[in-house]
Amino acid sequence: MFKLLSPKKILFCFALSVCTLIAKAQFGGNPPAINWRQINTPAARIIFPNGLDSVGLRVASIIAQMNGAVKPTIGNKQRQVNILLQNQTIISNGFVMLAPFKSEFYLTPDQNSFELGSLSWNEQLAIHEFRHVQQYNNFNVGLSRFLHILFGESGQALGNEIAIPDWFFEGDAVFNETHVSEQGRGRLPYFFNGFHGLWDAGKDYSWMKLRNGSYKDYVPDWYPLGYMMNAYGREKYGPMFWRNVTHDAAAYKSLFYPFEHGVQKYSGVSYTRFRNDALGYFKQQIATPVDKVVGPKYKKSQHFIADIEYPAVVNDSTVIYVKSSYKKIPAFVIRTGNREKQIAVKDLSLDRYFNYHNGKIVYASYRPDLRWGYRNYNELKVIDVVTGEQKRITSRSKYFSPAFSDDGKSIVAVQVDPSGQSKLLILDTETGKLMNEIHSKTGIFYTYPKFFGTDKIIAAVRNTKGKMTIASVDIKTGSMENLLAYNIAPVGFTAVQKDTIYFTATTGVNDRLYALSVTDKKLYRLQSDTLQYGIGNYEPSVAGNKLAWVSFSAYGYQLHQADKQSLQRQPVDVPSPGSLSEYKITALKKDSAANLLAAVETQPFKVSKYNKLHNLFNFHSILPDFEDPNYTLSLAGQNVLNTFQSALSGTYNRNEGYKQIGYNAVYGAWFPYVSAGADYTFDRKGYYRGQSIYWNEAQIHAGASVPFNFSSGQHSTYLSIGSSAYYNTVNFQSAYRSLFKDQNFVYLSNSISFSNSMQQAVQQIYPHLAQAVTLNFKKGVINADNFQFLATGNFYFPGLVNSHSFVVALAHQQRSENTVIDFSNDFPFSRGYTVYNLYKMDKVGVNYHFPIAYPDAGFANLIYILRMRGNLFFDYTKGKDFYTNGSVFKGDFRSTGMEVFFDTQWFNQAPITFGIRYTHLLDQDLGSHGSNRIELVVPLTIF
């Protein structure tokens, strides 16, 4: 998968569950009005909205040529993959998945060229994501293939995930994008900043900590780790090294630690030695000499502190920035001297960018579409710094990197169309009304625009070859003047004061700060110890005599300020300051695939209509789901457009002992989801006046539901309303037919689900404020008058400490009196008790969740414990029912106890939470004896 989110964007993932959005397809996420086209080649079927033919042809041409050129380094197996080009979303990303086997490209480029690069975005997605396709095609061997045969595509996915680490998948794909292009993240210092920060801070984390991360310390993700390991392996042991290692690992030629054994077999050194050598190879080129490290001197035991980003100089003593930490969500902060004051919490956003002018802040706030998951927006918000009041000035817009004019009356922002073309828009600050629109030349993409006087815009721009420059754009005519020569090294983070432009440019193994005088076209590199030896110089801001910027560190992005006069200006006499480094990886240029992208010619492939019903069922996996008391095996299907999902299933229920077979499907291409299905159940059991009753049951159902996404601002809010009609036939087994007649009846199941949560910091177990409420009413309407109403709600509040959570759980259920056949019981009964299905039940539960420790420790590369957390709870269920003689039963079911949960990573990459629960019963359990219970709480779904 392509990497959108850097560590500083993790909070956005937590709040919006965007990690899920990025890693999985959005079910029913595109409006039905989109007409799809396709290009069919042996390697890939490219599927795209009508009007994106040129993008589809370019992607198909790159894949066709790359497939032959780089295939030998991973294997020669080929299976056609479906690649879906998504142009409705503002997210910059892509992924490949095995179950079902498909890929998706999210086509909107990112503004930050230092993080993901400046290559044409669809091209970079093609050279990165298709490498994942080649990986999966060639890892279908040995035991992984056996699992594929046994369980389908999910079986291979499980086998591959256990055998081959995620760092290899992504590191190999990043190496490929770097190898076949002129740029790639393997040449960008921003990509290595995480490890640069650890090495400069003298932090020598264990391999398991580097692999699994931490809730208390900054740890780079597996992308740069994977690239360094891959690049070193290719450099040291040749182009076939990883092909041999991964083939053996996926085949499980060594049943235990297959990847480690493969590395040792083909390198001749131990896996530990190989890791240390690989990291040491890059450390020699990246780490700052110990006596040159700048910034605050912390103890090695100091944990992550906070990120300070996009400083805006107000005056010589005051600066505004966005501050976020693992304990607190992002907020705008104003600092005068050493005193900080929070202005306002920042809305959910794709980045931390904002612009300041004369007491006002403007930034882009993320907002999803009400219904369609692939459609989302960036709406502009303006904040008054004095009052903290926020006003939305645009709606359903797709704007990026807004900035005020010198008089504060207008705003310039980048707009990216579904076609991928970027524009500069001039908007009224008060109303958001469009005042002017500046179209870009073909293939030009604008980033970080700023006003330059009253008639020009300064922006960092990219061309179709991925080269960048700083340009001046005339507001009236749209004509563009390049102020630097185009260069493959990224430039960006522009700031303007009078006739001088400040910006960052990639220069070798670091990102440096430059100043460009527009009047005389003189270019200077800014110099000081902090600028020279800081890890990157990013996000400059200038006002009066002050210049502010940030650099990276293991403790968070650090703010730096200096008087402009104190900075040395080193003249630069080249037409462009940027340069790239290959970090002494000569393998990047050793074969015919090196910089292959530059030689790819767009081919005239046939473009045809793509039928939305193509391969509608697409059964791809057999999925076991063991969630006590139900044990299910299902054959799952999903089409490429992700508008139809279905499953054939068989279930055994341990509580009642019944067996069930069925088929269920849902179609999500219309505004409502439409669902239907049929089930047959053998040996269902119920109780009637103290006697067990058995019957068989057949059921068909159909219904509709509408999922709404009301998320905006600081909250993620969802509402789903649905109704289904069920037709049931009940056939009592022969022993009970003298007591009961067979029945045919129809009932309705109506449901409402609502959830709302504010943003959540990394160390917060739950959001400080959140609500989740579900209402379900089932009612017989033909040949039955039985009913069941269930209401559940969980309400989350802050605890005594920032990372603590106080959770109140409420539930109410009432059903028909003295009925033989009841609806399924989903009431959350008091913990520790035997679960009863009484006529009426009410419950209140109180939970207090808190972290106990952050061990950051594991063993044998099997299990790693990131966090231990506890929960003190009290449950009280009050129940009512009737005895066989008609008298009323009333019972209290109170329990209290403690749960200890372990948030872990297994095999250095699979997150699993399990726990131990001790429960003390304060009332008698009618189903068993004893007042103390100890239970193991484990997840059992492995696919």
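Which is at pLDDT below 95 and in the same structural domain as residue 248 (by TED's automatic domain parsing), of 133, 70?
70
Does residue 771 fit the bill of being touching a residue at least 24 places away in the same chain (Cβ under 8 Å), farther than 26 Å from residue 658 by Cα and outside any strand (DSSP E or B)?
No: the conditions fail for residue 771.
Within the bounds of the stretch 516-523, is there any residue that is free of Cβ contacts under 8 Å to residues at least 12 places away in the same chain, surrounded by fewer than 22 Cβ atoms within 10 Å (Cβ to Cβ) and assigned to a loop (DSSP other than H, G, I, E, B)?
Yes: one or more hits.
Out of the stretch 334-360, which residues are surrounded by fewer than 19 Cβ atoms within 10 Å (Cβ to Cβ) and either at pLDDT below 95 or of a type in the set (S, T, N, Q) (or both)?
Correct list: 336, 337, 338, 342, 358.
Could you identify the single residue in 571, 604, 540 that is surrounded by fewer than 16 Cβ atoms within 10 Å (Cβ to Cβ) and part of a strand (DSSP E or B)?
571
Working carefully through the options 209, 236, find the one that is surrounded by fewer than 22 Cβ atoms within 10 Å (Cβ to Cβ), touching a residue at least 60 places away in the same chain (Cβ under 8 Å) and in a helix (DSSP H, G or I).
209
Restricting the search to the stretch 696-733, which residues are surrounded by 15 or more Cβ atoms within 10 Å (Cβ to Cβ) and farther than 28 Å from residue 666 by Cβ?
The answer is 713, 714, 732.
Any chance you could count how many residues in the stretch 777-806 are under 30 Å from residue 748 (Cα atoms) and in contact with a Pro (Cβ under 8 Å, 6 or more places away or on another chain)?
Counting residues in the stretch 777-806 that are under 30 Å from residue 748 (Cα atoms) and in contact with a Pro (Cβ under 8 Å, 6 or more places away or on another chain) gives 1.
Residue 934 versus (1) in a strand (DSSP E or B); (2) surrounded by fewer than 17 Cβ atoms within 10 Å (Cβ to Cβ); (3) over 38 Å from the mean Cα position of the chain (by Cα): which is the lone unmet condition?
(3)
Given the criteria at pLDDT 90 or above, in a strand (DSSP E or B) and over 27 Å from residue 151 (Cβ atoms), does residue 698 qualify?
Against the criterion (at pLDDT 90 or above, in a strand (DSSP E or B) and over 27 Å from residue 151 (Cβ atoms)), residue 698 qualifies.
How about the stretch 499-515: which of its residues are assigned to a strand (DSSP E or B) and either in contact (Cβ under 8 Å) with a residue 60 or more places away in the chain or in the same structural domain as residue 187 (by TED's automatic domain parsing) (or both)? Outline the logic, then answer.
Start the filter on the stretch 499-515 by keeping residues that are assigned to a strand (DSSP E or B), which leaves 500-508, 510-515.
Result: 504, 505, 506, 507, 508, 510, 511, 512, 514.
Just give me the residues in the stretch 845-859 being surrounded by fewer than 18 Cβ atoms within 10 Å (Cβ to Cβ) and either hydroxyl-bearing (Ser, Thr, Tyr) or not assigned by TED's automatic domain parsing to the domain that holds residue 789 (or both), in sequence order.
Selection gives 848 alone.
Does the stretch 838-859 contain any residue that is over 26 Å from residue 790 (Cα atoms), modelled with pLDDT of 90 or more and β-branched (Val, Ile, Thr)?
yes
Which residue pairs have Cβ atoms under 8 Å apart, sit 6 or more places apart or on different chains, and have a first residue in the stretch 161-174 that is acidic (Asp, Glu) and a second that is modelled with pLDDT under 95 and not in a loop (DSSP other than H, G, I, E, B)?
Partner pairs satisfying both residue conditions: 161/910.
Quick grid of which residues meet (1) closer than 30 Å to residue 44 by Cα; (2) basic (Lys, Arg):
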{"site": "641", "(1), (2)": "yes, no"}
{"site": "650", "(1), (2)": "no, no"}
{"site": "654", "(1), (2)": "no, yes"}
{"site": "660", "(1), (2)": "no, no"}
{"site": "667", "(1), (2)": "yes, no"}
{"site": "673", "(1), (2)": "yes, no"}
{"site": "678", "(1), (2)": "no, no"}
{"site": "681", "(1), (2)": "no, no"}
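Among the residues of the stretch 62-80, count how many are surrounded by fewer than 22 Cβ atoms within 10 Å (Cβ to Cβ) and in contact with a strand residue (DSSP E or B) (Cβ under 9 Å, 6 or more places away or on another chain).
Result for the stretch 62-80: 4.
Quick one: in the stretch 734-770, which of the residues that are surrounded by 17 or more Cβ atoms within 10 Å (Cβ to Cβ) and among the β-branched types (Val, Ile, Thr) is farthest from residue 684 (Cα to Cα)?
Per the stated criteria, the residue is 762.
Tally time: how many residues in the stretch 640-663 are free of Cβ contacts under 8 Å to residues at least 60 places away in the same chain and not in a strand (DSSP E or B)?
Residues meeting the conditions: 4.
Give the residues of the stretch 626-648 that are within 30 Å of residue 833 (Cα to Cα) and buried (at least 17 other Cβ atoms within 10 Å of the Cβ), sorted by residue number. If you could, list the steps in order and put the result at the bottom.
Start the filter on the stretch 626-648 by keeping residues that are within 30 Å of residue 833 (Cα to Cα), which leaves 626-633.
Passing the criteria: only 632.
I want to confirm something. Restricting to the stretch 324-341 and keeping residues that are without any contact (Cβ under 8 Å) to a residue 40 or more places away in the chain and either assigned by TED's automatic domain parsing to the domain that holds residue 763 or assigned to a strand (DSSP E or B) (or both), which single residue is nearest to the chain's Cα centre (by Cα)?
331
I'd like to check something: does the stretch 835-844 contain any residue that is assigned by TED's automatic domain parsing to the domain that holds residue 912, buried (at least 18 other Cβ atoms within 10 Å of the Cβ) and touching a helix residue (DSSP H, G or I) at 6+ places or on another chain (Cβ under 9 Å)?
No, there is no match, as no residue in the stretch 835-844 is assigned by TED's automatic domain parsing to the domain that holds residue 912, buried (at least 18 other Cβ atoms within 10 Å of the Cβ) and touching a helix residue (DSSP H, G or I) at 6+ places or on another chain (Cβ under 9 Å).
Going through the stretch 498-514 one residue at a time, which ones are touching a helix residue (DSSP H, G or I) at 6+ places or on another chain (Cβ under 9 Å) and among the small types (Gly, Ala, Ser)?
Passing the criteria: only 508.
Looking at residue 603 and the list (1) under 30 Å from the mean Cα position of the chain (by Cα); (2) touching a residue at least 40 places away in the same chain (Cβ under 8 Å); (3) under 30 Å from residue 30 (Cβ atoms), which single condition is not satisfied?
(1)
So, in the stretch 212-233, of the ones that are within 16 Å of residue 168 (Cβ to Cβ) and of a type in the set (S, T, N, Q), which residue ends up surrounded by the fewest Cβ atoms within 10 Å (Cβ to Cβ)?
If we take residues in the stretch 212-233 being within 16 Å of residue 168 (Cβ to Cβ) and of a type in the set (S, T, N, Q), then 212 is surrounded by the fewest Cβ atoms within 10 Å (Cβ to Cβ).
Considering the stretch 194-245 alone, what residues qualify as being under 30 Å from residue 327 (Cα atoms) and either among the charged types (D, E, K, R) or not assigned by TED's automatic domain parsing to the domain that holds residue 283 (or both)?
200, 203, 204, 209, 211, 216, 217, 221
Return the only residue of 675, 646 being at pLDDT 90 or above, assigned by TED's automatic domain parsing to the domain that holds residue 721 and under 24 Å from residue 750 (Cα atoms).
That would be 675, the only listed residue that is at pLDDT 90 or above, assigned by TED's automatic domain parsing to the domain that holds residue 721 and under 24 Å from residue 750 (Cα atoms).
Please work out if residue 792 is surrounded by 18 or more Cβ atoms within 10 Å (Cβ to Cβ), without any contact (Cβ under 8 Å) to a residue 40 or more places away in the chain, of a type in the set (Val, Ile, Thr) and under 30 Å from residue 848 (Cβ atoms).
Judged against the criteria, residue 792 is a match.
The values are calculated or read from the model by the stated rules, or taken from the named source; none is laboratory data. Computed from a predicted model, the values in this text were never measured in an experiment. Note: ideal-geometry Cβ built from the backbone for every residue, glycine included; neighbour counts use all protein chains shown.
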